[in-house]
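Here's the structure, in structure tokens; my notes come after.
Just so you know, all these numbers are worked out from the coordinates, no wet-lab data involved. In this text, all values refer to a predicted model and were calculated from it rather than measured experimentally. Here Cβ is always computed from backbone atoms with ideal geometry, including for glycine, and neighbour counts include all displayed protein chains.
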Amino acid sequence: MFSKSLYIGFVGFVLSVATAWAGGSAIQGVVKDAKGQAIKGADVRIESKDGKQQFNTVKTDGKGRYISEGLPPGVYRVTLAVNGAVKASITNTKTKADQTTQLNFDLKPVPVAQANAGQKKGKHMVWVPASTGSHIGGRWVEVPDGATEPGALNVQRANAEQLQRAAQSAGSSGTGR
């Protein structure tokens, strides 16, 4: 029994030494403003991906460089704050044991066309409810890309009297059932 306990203790010791020997990871980079100039004194906060545990906050030097060492390997949220205002946050920064992850912040504005080019094109669908008096349920309808912009659907407001007149005029024009 004693030898079994000794063996388990030895294996645990070897594993703990191997883990400590593997060392931590690091995140480093450079922070630049909209003009491409280095930002001195910006805060770079490193925390768990869900934001519940903060690991480190470092300041950039005169050349805009920062480094945070001794981090356990994992996935982090890295947030950049300049003069107390959050300028950027990256939620999936991965680090590996004994490696340095390079993460630069370039605060240059991106042209709208370039920003939209990176977005996925998908179908824009809207829900059309069932017609009054119909036993058929509503349905999803695909609309053109620009139609989902505010004011692009050409929606007109009407009261009950106006709707009744519109329905009567549609029925008298020969389009009735």
Legend entry - Members of segment 53-102 found to be among the polar types (S, T, N, Q), farther than 18 Å from S25 by Cα and surrounded by 14 or more Cβ atoms within 10 Å (Cβ to Cβ), listed by number: T60
Legend entry - Residues of segment 82-104 that turn out to be within 17 Å of the chain's Cα centre (by Cα) and outside any loop (DSSP other than H, G, I, E, B), as a count: 9
Legend entry - Where a residue in segment 51-66 is at positive phi and its partner, wherever it lies, is part of a strand (DSSP E or B) and not aromatic (F, W, Y), with Cβ under 8 Å and at least six apart: G51/R77; G64/V30; G64/V31; G64/K32; G64/A38
Legend entry - Some residue of segment 55-76 being of a type in the set (S, T, Y) and under 20 Å from P109 (Cα atoms): no
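Out of all the residues in segment 41-52, which are of a type in the set (D, E) and exposed (fewer than 13 other Cβ atoms within 10 Å of the Cβ)?
Of the residues in segment 41-52, the ones of a type in the set (D, E) are 43, 47, 50.
The one that is of a type in the set (D, E) and exposed (fewer than 13 other Cβ atoms within 10 Å of the Cβ): D50.
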Legend entry - Residues satisfying the stated conditions in segment 48-73, i.e. farther than 17 Å from A97 by Cα and charged (D, E, K, R): K49, D50, K52, K59, D61, K63, R65
